[in-house]
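Novice: Submitted below is the structure of interest, expressed as structure tokens.
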Amino acid sequence: MSMVETAATSASPVRYSLVLPIFNEESVLPVLLKRIDALLDALDGPAEAIFVDDGSRDSSAIFLRYKAQTDLRYRFIGLSRNFGHQVAITAGMEAARGEAVVVMDADLQDPPEVVLQMVEAWKQGFEIVYARRIARHGEGRFKRWTADAFYRLLGRFANVEIPRNVGDFRLVDRRALEAFRAMPEQDRFVRGMFAWLGFRQTAVEFERAPRAAGETKYTLRRMTRLALNALVGFSDAPLKLVVATGLAVSALAGLYGLYVVGKWLSGAELVSGWTSTILIVSLLGGGNMLMTGIIGLYVGRIHAEVKRRPLYVVAERAGFPEAATREGAQATRRAG
Ligand code: UDP
Ligand code: MG
């Protein structure tokens, strides 16, 4: 199978693929296309630009479909409705045929020129080159603050190390891309998935520009959903929290129960029935919490299973019969 795959990719005329998710971006398209044209020219090999229309309700789709029909280097994918940024990116990457695939935002907040730096790093042998924002221009205090808090939280609790201040602006080598495609999870947090994948990763730094036109499509609700996806998909901290709370509540209930029984035994003036009621309520409460937590642990296992992630990802092989062709493809890539 891998022989066929390698043959197909090396026969593919495309060396670089750009993937751009589009959601109601008509106001940036004229300037965007100009910059992308320039980038396609500047790249040192045949390149394609894939626009994924994520159910836009403006004229973006009409514009981009026409572009794809008239310019050989452009492709258009129209999703049937708005599936969200992360899914749109995935659709684009699955359609990409390049040896190196770059994902970038359509609003020019990710400057196309940075892609040339990423390509340099790729040629040095890095399979994943992400872009780290060292400054964010034109984004409000709230966005910066929430983003910062989010990366901090994720850094503390995630099971894999997810680089800070890194969005979805990234170059991915064909091999890392194939591994990514083998991750069929439904709730996608793409930057976490690439962190999970490993491979040789590096960063190039850039200053995030303000939006060229239009306004952000990431509402507070969308940001919250992304953050939740990230936390639930890449950390089991919330589950452990439930178990810990259950244990703590049970312990406190036990202590309190002892205290109440002690009072009752010492013959203090108590409303009749109070002792038994408090005892039962607090013990049941603690027990409930603990049981929920334990069930949560099993649900967590189920959650991990249903994600159907591969157990591991092989970066390279040597000494196997098919390795020769792979290394051959590698050499051609580096040579050019
Ligand atoms: N986007 C998308 N689907 C959505 C929301 C956003 O394809 O449901 C695209 C959007 O067109 C842009 C990119 O994702 O190309 C990033 O969105 P945006 O610039 O609004 O986010 P921000 O930079 O404000 O975080
Ligand atoms: Mg943006």
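The values are calculated or read from the model by the stated rules, or taken from the named source; none is laboratory data. For clarity, every value in this text was computed on a predicted model and none was experimentally measured. Note that each Cβ is placed from the backbone with ideal geometry, even for glycine, and that neighbours are counted across all protein chains shown. With ligands, DNA and RNA removed, areas are computed over all heavy atoms of the protein, side chains included. Shrake-Rupley method; radii C 1.70, N 1.55, O 1.52, S 1.80 Å.
Novice: How many percent of the accessible area of the stretch 33-150 is carbon or sulfur, using a 1.4 Å probe?
Specialist: Details: 2940 of 5250 Å².
Accessible surface attributable to carbon and sulfur in the stretch 33-150 totals 56 percent.
Novice: Using 0.36 nm times the number of residues separating E120 and L255, minus their current alpha carbon distance, what extension gain do you get? Could you put the intermediate results ahead of the total?
Specialist: Values: separation 135, 0.36 × 135 = 48.60 nm, distance 6.40 nm.
So the chain would gain 42.2 nm between E120 and L255.
Novice: Then there is this: So, in Å, what gap is there between the alpha-carbon centers of the stretch 183-252 and the stretch 65-81?
Specialist: Each part reduced to its Cα centre gives a spacing of 31 Å.
Novice: I've got another one for you. In Å, what is the Rg of the alpha-carbon atoms in the chain, and how long is Dmax?
Specialist: Spelled out, the Cα radius of gyration and Dmax of the chain are 26.1, 92 Å.
Novice: Go ahead and run the numbers for FRET between L228 and K34, Cβ-Cβ distance against an R0 of 35 Å, rounding to 0.05. Mind showing how you got there, number by number?
Specialist: Numbers: r = 37 Å, r/R0 = 1.06.
Once rounded, the FRET efficiency stands at 0.40.
Novice: Averaged per residue, what accessible surface does the chain expose to a 1.4 Å probe, in Å²? Don't jump to the answer; show the numbers that get you there.
Specialist: On the way: 17990 Å² over 336 residues.
I get 54 Å² per residue for the chain.
Novice: Same structure, new question: Where nothing but the Cβ of Lys and Arg (+1) and of Asp and Glu (-1) is charged, how large is the charge dipole of the stretch 89-152 around its Cα centre, in debye to the nearest 20? Before the final figure, lay out each step's value.
Specialist: On the way: 9 positive and 10 negative charges, 81 e Å.
So the dipole magnitude of the stretch 89-152 works out to roughly 380 debye.
Novice: Can you give the FRET efficiency for T70 and E305, using 1/(1 + (r/R0)^6), R0 = 35 Å, r = Cβ-Cβ distance, to the nearest 0.05? Provide the component values of the computation, followed by the final result.
Specialist: Values: r = 47 Å, r/R0 = 1.35.
Once rounded, the FRET efficiency stands at 0.15.
Novice: Highest GNM mean-square fluctuation, the chain, Cα pairs closer than 10 Å: which of R164, R221, R152?
Specialist: R221
Novice: Between helix 114-123 and the chain, what is the angle of the helix's C-alpha long axis to the longest principal axis, kept within 0 to 90° and rounded to the nearest 10?
Specialist: Orientation of helix 114-123: about 90 degrees from the principal axis.
Novice: Moving to a separate point now. Round to the nearest 10 and give me the degree value, 0 to 90, for the angle of helix 237-265's Cα axis relative to the longest principal axis of the chain.
Specialist: So the helix axis and the longest Cα principal axis differ by about 10 degrees.
Novice: Also: For V160 paired with R132, estimate the spin-label separation in nm (one decimal), with each label point 7 Å from Cα along the Cα-to-Cβ line.
Specialist: 1.8 nm
Novice: Would you please name the chymotrypsin sites (Phe, Trp or Tyr not before Pro) within the stretch 134-216 that are DSSP coil residues with at most 14 other C-beta atoms within 10 Å of their C-beta? Walk me through the numbers before you get to the answer.
Specialist: Numbers: sites: F142, W145, F150, Y151, F157, F169, F180, F189, F194, W196, F199, F206; in loops: F189, F199.
Passing both the DSSP loop test and the Cβ count: no residue.
Novice: Dipole magnitude of the chain about its Cα centre, charges +1 at Lys/Arg Cβ and -1 at Asp/Glu Cβ only, in debye to the nearest 20? Display every interim value, and only then the final one.
Specialist: Values: 43 positive and 36 negative charges, 105 e Å.
Using only the charged Cβ atoms, the result is roughly 500 debye.
Novice: Which of the lysines could a cross-linker bridge to K67, judged by Cα under 26 Å and excluding same-chain residues fewer than eight apart?
Specialist: Within the straight-line cut-off, K67 pairs with K34, K217.
Novice: Out of V52, V31, G140, whose Cα points farthest toward the positive end of the dipole of the chain (charges: +1 Lys, Arg; -1 Asp, Glu; placed on Cβ)?
Specialist: G140
Novice: Can I ask one more? Using a Förster distance of 22 Å, how high is the FRET efficiency between L153 and Q186, based on the Cβ-Cβ distance and rounded to 0.05? Intermediate values should be presented prior to the final figure.
Specialist: Details: r = 22 Å, r/R0 = 1.02.
Using R0 = 22 Å, I get an efficiency of 0.45.
Novice: Same structure, new question: Note the full-extension length gain between T277 and E205 as 0.36 nm times their separation in residues minus their Cα-Cα distance, in nm to one decimal.
Specialist: Length gained between T277 and E205: 19.7 nm.
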